[in-house]
Amino acid sequence: MTDLNALGEIGLIDRIRQATPAPTHPETVLGIGDDAAVFTWDDAHYGLLATDVLVEGIHFDLTYVPLKHLGYKAITFAVSDIAAMNGLPVQVTVGLSLSSRFPVEAVDELYEGIRAACEAYDVDLVGGDTSSSRSGLILSISVLGKVPKDLITYRSTAQPNDVVCVTGDLGAAYLGLQLLEREKQVFLADPNMQPNLSEERTYLVQRQLRPDARTDVVHELRDLGVRPTAMIDVSDGLASELLHLCRQSKTGAVLFDENLPIDDQSYLAAEEFSISPITAALNGGEDYELLFTVRPQEYDKLSTSSRITAIGYLTADPSQIVLATKAGQQTPIRAQAWEQVKQQ
């Protein structure tokens, strides 16, 4: 038997894709292989369909994750996939599997967060399914979106010399997770202890518990008249997403460590946990920012945006995907192992 860790996440996706028959319906434009499936919506638009599954003990820990925040974050997960195709969400369904240890009020709290996210992203909650579970709480979110045909953006269409850009800042969600995990261990040792999360760490905790999908940047790109050449959302960490984009576009990349956008609170927390802030930015995951590429001549339109940072460029050599220092040293960029990424 082949161990999942040996195959890796990218390898597993490739294995499933290769064993999947080609689409037979003419409405299907793209199946497995991007952030969302693509199909014909009408003459002017493509439809987008994405699904995300969240499992208790793997993707979230109810020791410190409020159910209301979990509901909001679950919708964010799926909406982020639509934004990564340069689209906007329209409708969402929620599959819910839970055990009898959850009272009705807990479900009410979960759906309070789900409804808040639907309102924030202007998406309709139109259905779903419920079932019992023997092993805790499981959420399955499917979101339907759409995008004008002339604006759809894939992972596979970047070109050498494109400017690599990212929205927001990176690594904060991972460092927020470290803070919450530390407080959990303190609580387990002494349940009478109160959490010690200072106000200056609020941003990091928020980034972990209640991230936002960057639909605002999708609107901004449209307002600026910029169509990215390729795009992907940063869910499993910048390194992993960059490798996906370069692999599917058949390019290499050079990122500059000094250009990676890292919040001041992230620097302080990284020092506290003896973690390199660059490592947190590259491999932390769950930032739900957008990583995208644009032609050099298009970047001038973005240069004044406070929400977008240029962090590198693409090359013609797919074998070289590196992080460069100011001193000129280059280090190959590697993705984390399957078990590390999936247990965050």
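Okay, here's what the table says:
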{"item": "Selection status of Thr279, in contact with a helix residue (DSSP H, G or I) (Cβ under 9 Å, 6 or more places away or on another chain), open to solvent by 20 Å² or more (accessible area, probe 1.4 Å) and farther than 30 Å from Thr331 by Cα", "result": "no"}
{"item": "Flag if Arg214 is open to solvent by 10 Å² or more (accessible area, probe 1.4 Å), within 24 Å of Ile232 (Cβ to Cβ) and not hydrophobic (A, V, I, L, M, F, W, C)", "result": "yes"}
{"item": "Asp287, sole failed condition from (1) open to solvent by 60 Å² or more (accessible area, probe 1.4 Å); (2) part of a loop (DSSP other than H, G, I, E, B)", "result": "(1)"}
{"item": "Flag for Ser235 being free of Cβ contacts under 8 Å to residues at least 12 places away in the same chain, open to solvent by 20 Å² or more (accessible area, probe 1.4 Å) and hydroxyl-bearing (Ser, Thr, Tyr)", "result": "no"}
{"item": "Index of the failed condition, Val90 passing every other in (1) within 18 Å of Asp216 (Cα to Cα); (2) open to solvent by less than 10 Å² (accessible area, probe 1.4 Å); (3) touching a Leu at 6+ places or on another chain (Cβ under 9 Å)", "result": "(2)"}
{"item": "Test: residue in region 161-175 that is open to solvent by 20 Å² or more (accessible area, probe 1.4 Å) and over 24 Å from the mean Cα position of the chain (by Cα)", "result": "yes"}
{"item": "Flag if Ser99 is modelled with pLDDT of 95 or more, surrounded by fewer than 20 Cβ atoms within 10 Å (Cβ to Cβ) and touching a Ser or Thr at 6+ places or on another chain (Cβ under 7 Å)", "result": "no"}
{"item": "Only listed residue being surrounded by fewer than 18 Cβ atoms within 10 Å (Cβ to Cβ) and among the aromatic types (Phe, Trp, Tyr), chosen from Tyr121, Tyr46, Tyr111, Tyr72", "result": "Tyr111"}
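The values are calculated or read from the model by the stated rules, or taken from the named source; none is laboratory data. None of these values were measured; they are calculated from a predicted model. Quick reminder, even Gly has a Cβ in these numbers, built from the backbone with ideal geometry, and neighbours come from all protein chains shown. Just the protein is used for accessible areas: all its heavy atoms, side chains included, with ligands, DNA and RNA removed. Shrake-Rupley method; radii C 1.70, N 1.55, O 1.52, S 1.80 Å.
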